[in-house]
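The values are calculated or read from the model by the stated rules, or taken from the named source; none is laboratory data. The structure presented is a predicted model; accordingly, all values stated were derived computationally and were not measured. Reconstructed Cβ throughout: ideal geometry from the backbone, glycine too, with neighbour counts over all protein chains shown. To get the accessible areas, we keep the full protein, side chains included, count just its heavy atoms, and leave off ligands, DNA and RNA. Shrake-Rupley method; radii C 1.70, N 1.55, O 1.52, S 1.80 Å.
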Amino acid sequence: MKYFKMKALVKAVSTSTFRISGVAGRTALIVGAGIAAESMLITPAFADEPRSQSESKSTSAAVNKGDALAASTSANADAEIATLATVVVTARKKLERAQDVPVSISAVNADTLIERNRLTIADYFSEIPGLNLLGGDRGTSEVSLRGLTSGTSSNPTTAFTIDDTPFGGGLMIPDLDPADLQRIEVLRGPQGTLYGANSLNGIIKYVTAVPSTTTFASRVQVDGSSAAHGGSGYGVRASVNIPVTTDTLGVRLSAFDRRDPGYIDEVRSGASATNTSETKGARLSVLLKPSSTLTVRASVLNQQTNADASSTIDAARTNIPLFGEFAHSRIPGTDGYNRTLNFVDLNIAKDFDAVRLTSVTSFGRIKYDSAQDATGTLLSLINGRFPNQGLGARYDLNVSSDQHTQELRLESPEDGKSQLDWRLGLFYKDQKTDQMSDLHAAKAATGETATTIPGFAYTEAGSKYIETAGFGTATYHFNDKFDVQAGMRSSRNKLETVGLSRGILVAPGLSSINSSDSSNTYLLTPQYKFSADLMAYGTAATGYRPGGPTSAVAAGAPRSYGPDQTTNFELGIKGDLLNRSFSFAAAVYHISWKDIQLNTRDANGISFIANGSGAKSEGLEASVVWVPQKGLKISGNAVYNNAALTESFPVGSSTSGKPGDRLPFSSRFTTSLFATQEFPLWGYKGYVGGGATFVGSRLGDFENVGVARVDLADYTTMDLQAGLRAKNWTLSLFAKNLTDVHAYTGSRVTGATERLFLIAPRIIGLSLTYSM
């Protein structure tokens, strides 16, 4: 039922004595041990503010500077001098060298991801310092940075953007194929001032490819792969760039179709490789430069994914598989999902003599449908009330979410003539989410609905979220070496939820629940440049998540929860040394987290979000890239992170937690090391590379008092790649998880058992690319 229709219905029966349960917040209906895998109502994805990548004069100057550095690098390479290519990013809403940005940031090249067949967050999360994966069940890759998360099925703590626009979160993560991306930027630490809500621990930004107005280019790629213990996969990608009018109008079109091989067997049916997934998509982008002071960029994106099963296995609470290392048992017709993403944006930038005006407008839509076998959670209820009938429980979820955003930004020109650079902006977002969830009895053998058994819990819910904000930043350059950036953002958030419910596990009725709050965030960053290639910085920054209404049913339980906040103090250093053949970055940080939003349960067993106590995240991150000689590149990173509670959970909470307890799915130590060597071969350019990644042990979600948390062991994976490059052709061989390590990224408890999220086994493939 649509939000406005439902709101009218609620208003019409406002005198009713009924009240709804299970509505509002990103909550989960949990009876007994709980269905932690799904939510009864998704709160709108409170995301970050958009940023601009306009190609105005000053931005073009920054691009040209980067191109000049890259050209210099290329010239040095031809002269047998080993140097690194220049990496540019848009972390501070302007294009600049990554080594000049006083933020802990990683930039991952999209072509590199494709070449190594790293196509989803689950493929490359372990290679990005500080990025943790909380699972990945049925397309929901919940992530966190620096260990700041209260667990699965909680509100997202990491924000996502597509170019200049905030998008997604929780079930709505835009896990984009890198087919038409330039790179992926990951900013660690609270980013509330620059990027708004839900950036408690950082943001992940997909930077799309920008059309060229001067050069025709095309690319076609095909690849095939095979998974150990499973099936086969393929990928087809094509793109073309057309300069319709030289220097004025450029158009870029790309499309892809991909099948990721499955490796999970279904016990009931005997089917193999049931978690095979199909993803396809296309993107059209246009760049118009009618004058030297005006730039217009627009794009349309569509991506669809579907899979018949998740990448989980069933296990006892001791992590011992129940049906084998690559098998699970599900009611027929459950465990799969479908997700469709549509995204349209328009970026207009106009340069005046003294200021630059930028407008960013977007519309986005995500539709998500899934079915889950909930038998394990409701087994006691089924056996107690409906024994010997061969029944199980099925949970169906359908979500549709539309969002509109608008940002207007006014900023000073970046011409180096003034000691003060400034930026002022206004941001508006509205998001409407409609959700239907149905928990009911089903015949375990066939998956058919047991029509003679009353429904367990059915809800229809709609929500409307509005975020408005004003923000500003200013950087004062005391001299060529020392500058200080300061900023502040004031946000107002409003959430309205309406819905109805019925079933034997929830109180039937209609309801309308509203909540609102406001938050102020700040940023202070001094930076000192020892030279053009060496700098140090300090940061004091804050982030927040909005509050919302709860779904608690029991009398006396809270009806809403408030915002939570993080404050980060960080010191970092970055540099390019040895004639720019050695690049490094390191940071030490301490983040305090107050009023944590966490999942708990009321007296009726219904899960809801409430504010908890405090936590911290502190640690050290370091990364290096070294080119000791022409053709040889070595890169690596290491992270030590201690993310833990600083206070016990509130008295009366059904969830257990005390000071020193580690936050869910956070590793104390992770590290990775990669090396690639190029060499002449038969008149062509050959290359071979490989690496290893270590992920430390982790603990699962916080559990009920007296229940032990899931313990996930550490693991190490190895990858290899080799290839041959000609003028227009590239042939590449890749191997992921070469030693076929069996390990888990996450877990969810389902009654007396658990579901473990399995990393992909060994996958070997071949890729052929033609470009011109």
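Whether any residue in segment 402-422 is open to solvent by less than 20 Å² (accessible area, probe 1.4 Å), part of a loop (DSSP other than H, G, I, E, B), closer than 30 Å to ARG356 by Cα and at pLDDT 90 or above is what I want to check. Please lay out each step first, then the result.
Filtering segment 402-422 for residues open to solvent by less than 20 Å² (accessible area, probe 1.4 Å) gives 403, 405, 407, 409, 411-412.
Those left that are additionally part of a loop (DSSP other than H, G, I, E, B): 412.
Add one more test, that the residue is closer than 30 Å to ARG356 by Cα, and what stays is 412.
So of that shortlist, the ones also at pLDDT 90 or above come out as 412.
Yes, the conditions are met somewhere in segment 402-422.
Report those strands (runs of 3 or more DSSP E) wholly inside segment 163-277 carrying at least 2 residues which are within 30 Å of SER359 (Cα to Cα) and of a type outside the set (A, V, I, L, M).
Numbers: elements: 181-188, 202-208, 217-227, 232-245, 249-260.
Strands (runs of 3 or more DSSP E) meeting the threshold: 181-188, 202-208, 232-245, 249-260.
Could you please find all residues in segment 709-741 being outside any strand (DSSP E or B), at negative phi and under 24 Å from the mean Cα position of the chain (by Cα)?
So in segment 709-741, the residues outside any strand (DSSP E or B) come out as 709-710, 713-714, 726-728, 737-741.
When the remaining residues are screened for being at negative phi, the result is 709-710, 713-714, 726-728, 738-739, 741.
Selection gives VAL710, ALA713, ASP714.
Given the structure, is VAL360 of a type outside the set (S, T, N, Q), assigned to a strand (DSSP E or B) and open to solvent by 30 Å² or more (accessible area, probe 1.4 Å)? Write out each step before concluding.
Details: of a type outside the set (S, T, N, Q): yes; assigned to a strand (DSSP E or B): yes; open to solvent by 30 Å² or more (accessible area, probe 1.4 Å): no.
So VAL360 fails the test.
Evaluate segment 615-630: report whether one residue or more is open to solvent by 10 Å² or more (accessible area, probe 1.4 Å), in contact with a Phe, Trp or Tyr (Cβ under 8 Å, 6 or more places away or on another chain), assigned to a strand (DSSP E or B) and hydroxyl-bearing (Ser, Thr, Tyr).
yes
Any idea which of ALA309, ALA316, ALA327, ALA298 is modelled with pLDDT of 95 or more, under 20 Å from ALA374 (Cα atoms) and over 20 Å from the mean Cα position of the chain (by Cα)?
On the way: ALA309 fails: modelled with pLDDT of 95 or more; ALA316 fails: modelled with pLDDT of 95 or more; ALA298 fails: under 20 Å from ALA374 (Cα atoms).
On inspection, the qualifying residue turns out to be ALA327.
Scan segment 197-208 and tell me whether some residue there is farther than 20 Å from ALA107 by Cα, in contact (Cβ under 8 Å) with a residue 24 or more places away in the chain and not aliphatic (A, V, I, L, M). Let's see the steps before the verdict.
Looking only at segment 197-208, we keep the residues that are farther than 20 Å from ALA107 by Cα, and these are 197-198.
Filter once more, so that each one left must be in contact (Cβ under 8 Å) with a residue 24 or more places away in the chain: 197-198.
Subset that is not aliphatic (A, V, I, L, M): 198.
Yes: one or more hits.
Just for segment 703-730: of the residues that are of a type in the set (D, E, K, R) and more than 30 Å from GLY151 (Cβ to Cβ), which one is least open to solvent (accessible area, probe 1.4 Å)? Write out each step before concluding.
Taking segment 703-730 and keeping what is of a type in the set (D, E, K, R), we get 703, 709, 711, 714, 719, 725, 727.
Still in the list and also more than 30 Å from GLY151 (Cβ to Cβ): 725, 727.
On the way: ARG725: 66, LYS727: 187 Å².
Applying the filter and picking the extreme gives ARG725.
Do any strands (runs of 3 or more DSSP E) lying entirely in segment 437-544 carry at least 3 residues that are of a type in the set (A, V, I, L, M) and closer than 29 Å to LEU424 by Cβ, and which ones are they?
On the way: elements: 457-477, 482-502, 509-531.
Answer list for segment 437-544: 457-477, 482-502.
Among SER635, SER656, which is the only one that is under 22 Å from PRO156 (Cα atoms), open to solvent by 30 Å² or more (accessible area, probe 1.4 Å), small (Gly, Ala, Ser) and in contact (Cβ under 8 Å) with a residue 24 or more places away in the chain?
SER656
SER667 is checked against (1) over 27 Å from ARG748 (Cβ atoms); (2) in contact (Cβ under 8 Å) with a residue 40 or more places away in the chain; (3) in a loop (DSSP other than H, G, I, E, B) and fails just one. What number does that condition carry?
With (1) over 27 Å from ARG748 (Cβ atoms); (2) in contact (Cβ under 8 Å) with a residue 40 or more places away in the chain; (3) in a loop (DSSP other than H, G, I, E, B) applied to SER667, the lone miss is (1).
Provide a single number: the residues in segment 489-543 that are under 24 Å from the mean Cα position of the chain (by Cα), crowded, with 18+ Cβ neighbours inside 10 Å and either among the aliphatic types (A, V, I, L, M) or under 30 Å from ALA586 (Cα atoms) (or both).
Residues meeting the conditions: 8.
Restricting to segment 742-772, name every residue that is farther than 12 Å from ASN319 by Cβ, open to solvent by less than 30 Å² (accessible area, probe 1.4 Å) and not in a strand (DSSP E or B).
Correct list: GLY751, ILE759, PRO761.
Can you find a residue in segment 150-166 that is closer than 24 Å to ALA586 by Cβ, open to solvent by less than 10 Å² (accessible area, probe 1.4 Å) and at pLDDT 85 or above? Give the steps one after another, and end with the answer.
First, the residues of segment 150-166 that are closer than 24 Å to ALA586 by Cβ: 157-158.
So of that shortlist, the ones also open to solvent by less than 10 Å² (accessible area, probe 1.4 Å) come out as 157-158.
With the extra rule that they be at pLDDT 85 or above, the set shrinks to 157-158.
Looking for residues that are closer than 24 Å to ALA586 by Cβ, open to solvent by less than 10 Å² (accessible area, probe 1.4 Å) and at pLDDT 85 or above, one finds at least one in segment 150-166, hence yes.
Within segment 184-203, how many residues turn out to be surrounded by fewer than 24 Cβ atoms within 10 Å (Cβ to Cβ) and on the phi > 0 side of the Ramachandran plot?
Going through segment 184-203 one residue at a time, the tally reaches 0.
Can you pull out every residue in segment 327-353 that is more than 30 Å from THR293 (Cβ to Cβ), part of a loop (DSSP other than H, G, I, E, B) and open to solvent by 30 Å² or more (accessible area, probe 1.4 Å)? Even if it seems obvious, please write down each step before you answer.
Filtering segment 327-353 for residues more than 30 Å from THR293 (Cβ to Cβ) gives 327-342.
Now narrow it down to the ones that are part of a loop (DSSP other than H, G, I, E, B): 329-336.
Within segment 327-353, PRO332, GLY333 qualify.
For the condition touching a helix residue (DSSP H, G or I) at 6+ places or on another chain (Cβ under 8 Å), among the aromatic types (Phe, Trp, Tyr) and either open to solvent by less than 70 Å² (accessible area, probe 1.4 Å) or under 30 Å from LYS494 (Cα atoms) (or both), what is the one hit in PHE456, PHE427? Give the derivation first.
On the way: PHE427 fails: touching a helix residue (DSSP H, G or I) at 6+ places or on another chain (Cβ under 8 Å).
Just a single option satisfies the conditions, and that option is PHE456.
If you check GLU678, GLU621, GLU647, which single one turns out to be farther than 25 Å from GLN99 by Cα, touching a Pro at 6+ places or on another chain (Cβ under 7 Å) and of a type outside the set (Ser, Thr, Tyr)?
Numbers: GLU678 fails: touching a Pro at 6+ places or on another chain (Cβ under 7 Å); GLU621 fails: farther than 25 Å from GLN99 by Cα.
The unique qualifying residue is GLU647.
Could you check ASN479 against (1) open to solvent by 20 Å² or more (accessible area, probe 1.4 Å); (2) more than 33 Å from the chain's Cα centre (by Cα); (3) under 19 Å from ASP369 (Cβ atoms) and say which number it fails?
Here ASN479 clears every test but (3).
What's the total number of residues in segment 292-313 that are open to solvent by less than 20 Å² (accessible area, probe 1.4 Å) and small (Gly, Ala, Ser)?
Here the count works out to 4.
If you scan segment 211-229, which residues turn out to be more than 27 Å from the chain's Cα centre (by Cα), open to solvent by less than 70 Å² (accessible area, probe 1.4 Å) and within 30 Å of ASN737 (Cβ to Cβ)?
Keep residues of segment 211-229 that are more than 27 Å from the chain's Cα centre (by Cα), which gives 212-220, 228-229.
Restricting the remaining residues to those that are open to solvent by less than 70 Å² (accessible area, probe 1.4 Å) gives 212-213, 217-218, 228.
ALA228 - this is the single residue of segment 211-229 that is more than 27 Å from the chain's Cα centre (by Cα), open to solvent by less than 70 Å² (accessible area, probe 1.4 Å) and within 30 Å of ASN737 (Cβ to Cβ).
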